[in-house]
Every structure is written in structure tokens, then in C-alpha cells.
1. If you scan region 287-303, which residues turn out to be under 15 Å from residue 335 (Cβ atoms) and either aliphatic (A, V, I, L, M) or surrounded by fewer than 24 Cβ atoms within 10 Å (Cβ to Cβ) (or both)?
2. Please find, within region 196-237, the residue that is farthest from the chain's Cα centre (by Cα) out of those that are crowded, with 20+ Cβ neighbours inside 10 Å and among the polar types (S, T, N, Q).
3. Could you please let me know if residue 315 is outside any helix (DSSP H, G or I), outside the structural domain of residue 18 (by TED's automatic domain parsing) and modelled with pLDDT of 95 or more?
4. Pick from region 59-93 the residues that are in a loop (DSSP other than H, G, I, E, B) and farther than 25 Å from residue 24 by Cα: which of them is farthest from the chain's Cα centre (by Cα)?
5. Is at least one residue of region 35-58 in contact (Cβ under 8 Å) with a residue 12 or more places away in the chain, within 21 Å of residue 123 (Cα to Cα) and either part of a helix (DSSP H, G or I) or not hydroxyl-bearing (Ser, Thr, Tyr) (or both)?
6. If you take the residues in region 14-25 that are of a type outside the set (Lys, Arg) and farther than 12 Å from residue 122 by Cα, which one is farthest from the chain's Cα centre (by Cα)?
7. Would you confirm, using the coordinates I've provided, whether residue 163 is surrounded by fewer than 17 Cβ atoms within 10 Å (Cβ to Cβ) and touching a Lys or Arg at 6+ places or on another chain (Cβ under 6 Å)?
8. Name the residue, out of 119, 103, 158, 193, that is under 13 Å from the mean Cα position of the chain (by Cα) and surrounded by 15 or more Cβ atoms within 10 Å (Cβ to Cβ).
Amino acid sequence: MISPKSYSKEWILSQSKRLGNTGPEILEYALYALSLLEKLSFNKLDFIFKGGTSLMLHFSEIKRLSTDVDIVCKISREGVEEILTKICSESIFSRWELDEERSYSGKIPKAHYFLYFHSNLFDNERYVLLDVLIEKPDYPEIIDKIIDLPILIQDGESTSVRILGINSLLGDKLTAFAPNTIGVTYDSGKHLSMLKQLYDIDLLIDVATNFPMVSETFKISAQKEIDYLQENIQIGDVYSDILKTSFLLASGFLNKLNDKESIVKYQVFVKGLAALNSFLPGRKRFTRFNVLLAASRSAYITSIIQTGKLEEFKLFDNSIQVDDYLFPEKPDNQFNKLSKLPGGVLYYLKQAYDLTK
């Protein structure tokens with residue numbers, strides 16, 4: 001289990017320094033989020049752990065700090081709150097509050113809880129957020145992972161939790177990058193969340209191994225969101241949304257956006273960069289180029305899923321000649337300027353375009 005020493009000011013500052021002077025405030029939140037995860041497991045809650053914080057358990061070193069706990073479980077409100085009350089009576093969490101405005105209402109069966117703790121860094125009360133999606137977990141890849149990271153001091157045996165495997169996590173996160181249909185919307189004020197999804201997708205694409213499973217998860221998650229929203233959306237609209245958003249980001253990168261609405265949408269992504277970088281260890285930075293590369297890769301894999309041509313999926317490498325993927329005609333040939341960028345941006349965009357035209 002996680003040792004109480006993990007929350008000491010001295011330990012947090014030492015880990016902040018080890019991670020390249022990562023912000024100690026965000027690190028403290030991440031530590032308490034992991035503690036909450038452990039307490040939920042101790043109290044026999046039958047849940048699946050997903051989201052950005054679960055990403056930390058898939059890598060031996062921190063790729064991105066995350067400060068919320070996202071779980072999926074089929075449980076009553078009374079059941080959740082009974083467990084939270086027990087956690088607060090027995091652990092470092094002092095109390096919980098329900099976010100009344102966003103919980104147990106609306107089209108999606110969700111609840112949001114604040115779990116309060118005393119910050120040893122700032123000597124005041126703070127909280128971590130627990131997001132509960134109230135449904136029966138229906139993911140093709142669920143695995144066991146222990147809560148054991150270099151930022152934690154363990155006291156005895158580490159705790160195991162059930163989480164989405166890398167392939168299902170990628171498929172699930174891809175559905176969030178559809179801002180005009182089922183994803184994080186432009187007008188939600190969640191520009192940081194939009195960028196987090198892109199950053200995580202980009203990480204997961206490099207380590208995913210089972211693309212039929214990615215595809216299956218994407219379709220399951222997308223259809224659930226469509227059913228919850230009860231709007232005139234088809235899964236084909238979601239595929240188109242991801243592709244169009246990726247090309248919007250490409251146009252924005254090239255300063256080729258001419259209408260105000262598109263410029264505003266592009267700026268939503270750009271505005272989140274500074275905030276996202278505060279969650280990254282060391283000198284790692286996510287730039288406008290990284291946004292574009294992640295989006296182009298997202299468009300490519302989504303187009304592969306849409307067409308069912310999973311066996312054709314191929315990550316870019318230096319053996320690929322980018323000049324073989326030029327757009328021949330106007331106005332799309334404006335994107336050919338992207339051939340000078342590293343990472344295969346043009347390759348991914350042209351592949352996505354050709355697959356879906």
C-alpha cells in the first residue's frame with residue numbers, strides 16, 4: 001500500500017526535482033489521486049479505472065501527471081456515497097462533496113465527487129476529483145495493474161486495480177477527439193482536456209499492439225455516447241468529425257484559416273498548451289507542431305477503423321518517402337508544405353484522406 005510518507009512535503013519536493021522541477025502542486029494532486037484509487041480498491045468497489053490517471057500505470061516513468069480519478073461502475077448513488085464516507089473516516093481524506101450541478105442529471109449517467117485532503121505543501125484544504133460513469137463496463141480489454149510508480153513510497157504489498165488495457169484505452173480516448181459530435185466540445189471551456197486527449201492518444205498509438213481491439217473499443221464507446229446524447233448523430237459523423245478537425249488544425253498551423261469560426265476553434269487548442277505543459281515532467285513540451293502531429297495520427301487511425309483496413313496500419317518511419325503522399329490538386333495541395341515537418345504529418349493526413357474519400 002502507499003506509505004503516508006508519499007504525501008510529505010520533503011518527498012513531494014524531492015520528486016518534483018527528480019522529474020525536472022515539475023510543479024510540486026500538481027504532483028501532490030497526482031499523489032492524492034492515486035491514494036483515492038487505492039482506497040476505492042481497498043473498499044471492494046467493483047470498478048474499472050480509465051482516463052488520464054490510469055495512463056500513468058501503463059508506463060514505468062511518468063509521461064504526464066494527472067490529478068483526477070475516472071472510474072466506470074454499475075452502482076447506486078447510495079452505494080458510492082457509503083464507500084466515500086468510509087474512506088473519509090479511515091484515511092487521509094477528511095470529507096467528500098457531491099458536485100450537485102453536474103451529477104445524476106443530464107443525458108449521461110455520471111457523478112462527480114470532491115474528496116478533500118490537507119495539503120502538506122500549502123497547509124490548507126484541497127481536493128481531488130472522482131468522476132464516476134455509472135454503467136456496466138463493456139470494454140474488450142481489461143487488465144490488472146498494480147499501483148506502483150517511482151513517485152510513490154510503498155509500505156508493504158502494492159495494491160492491484162482493474163484498468164483499461166492500452167488498446168481499449170486508445171479506442172476510448174479517440175472518441176473524445178470529436179469536438180463537433182460526441183467529444184469534448186469547443187464551447188465547454190475544457191481546452192486543457194481537449195489537449196490532454198490528443199497528448200494521450202499520441203502516446204498510446206506508439207505502444208498499441210492490437211488494432212482490432214482498438215477498433216472494437218472505439219465503436220462501443222462512440223455508440224454509447226451517441227445513445228446517451230440522443231441527438232441526430234451517426235457513427236459516420238464521428239469519423240468525419242475527427243478527420244475534419246485534424247485538417248482544421250493543419251490549416252491553422254499553416255495560417256490558412258479564413259473564417260472567424262475556424263480561427264476560434266483552432267485557438268481553443270492553442271490556448272491549452274501552456275496549461276498542458278505544466279503537467280509534463282522535466283523540459284518536455286507539447287507544441288503547436290505536436291498538436292498537429294497527434295491530430296494527423298488520430299485522423300489516420302480513425303480512418304483505418306472506419307474502413308476496416310486494420311491490416312494496412314503502418315506508423316511512419318524513415319523508409320517512407322513523404323513526397324509519395326502529396327496532394328495533387330487545389331486547394332488541398334496547400335498541405336504539401338507539411339512535407340517538411342518531421343514525424344510524417346503529411347503521410348498521416350494524406351493516408352486518412354485517401355482512405356475516406
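1. Of everything in region 287-303, those that are under 15 Å from residue 335 (Cβ atoms) and either aliphatic (A, V, I, L, M) or surrounded by fewer than 24 Cβ atoms within 10 Å (Cβ to Cβ) (or both) turn out to be 289, 292, 293, 295, 299.
2. That would be 215.
3. Working: outside any helix (DSSP H, G or I): yes; outside the structural domain of residue 18 (by TED's automatic domain parsing): yes; modelled with pLDDT of 95 or more: yes.
Judged against the criteria, residue 315 is a match.
4. Just the residues of region 59-93 that are in a loop (DSSP other than H, G, I, E, B), to begin with: 59-67, 74-76, 91-92.
When the remaining residues are screened for being farther than 25 Å from residue 24 by Cα, the result is 74-76.
On the way: 74: 22, 75: 24, 76: 26 Å.
Top of the filtered list is 76.
5. Of region 35-58, the ones in contact (Cβ under 8 Å) with a residue 12 or more places away in the chain are 35-43, 45-58.
Add one more test, that the residue is within 21 Å of residue 123 (Cα to Cα), and what stays is 35-36.
Okay, now just the ones that are also either part of a helix (DSSP H, G or I) or not hydroxyl-bearing (Ser, Thr, Tyr) (or both), so 35-36.
Taking every residue of region 35-58 in turn, at least one turns out to be in contact (Cβ under 8 Å) with a residue 12 or more places away in the chain, within 21 Å of residue 123 (Cα to Cα) and either part of a helix (DSSP H, G or I) or not hydroxyl-bearing (Ser, Thr, Tyr) (or both).
6. The first filter runs over region 14-25 and keeps only residues of a type outside the set (Lys, Arg), leaving 14-16, 19-25.
With the extra rule that they be farther than 12 Å from residue 122 by Cα, the set shrinks to 14-16, 19-23.
Numbers: 14: 27, 15: 23, 16: 22, 19: 21, 20: 23, 21: 23, 22: 19, 23: 20 Å.
Within region 14-25, the match that is farthest from the chain's Cα centre (by Cα) is 14.
7. On the way: surrounded by fewer than 17 Cβ atoms within 10 Å (Cβ to Cβ): no; touching a Lys or Arg at 6+ places or on another chain (Cβ under 6 Å): yes.
Taking the combined requirement at face value, the residue does not satisfy it.
8. Values: 119 fails: under 13 Å from the mean Cα position of the chain (by Cα); 103 fails: under 13 Å from the mean Cα position of the chain (by Cα); 158 fails: under 13 Å from the mean Cα position of the chain (by Cα).
Step by step, each of 119, 103, 158, 193 is checked, and only 193 is under 13 Å from the mean Cα position of the chain (by Cα) and surrounded by 15 or more Cβ atoms within 10 Å (Cβ to Cβ).
The values are calculated or read from the model by the stated rules, or taken from the named source; none is laboratory data. It should be emphasised that the depicted structure is a prediction, and the values quoted were computed from it without experimental measurement. Counting neighbours? That spans all protein chains shown, and the Cβs are built from the backbone with ideal geometry, glycine included.
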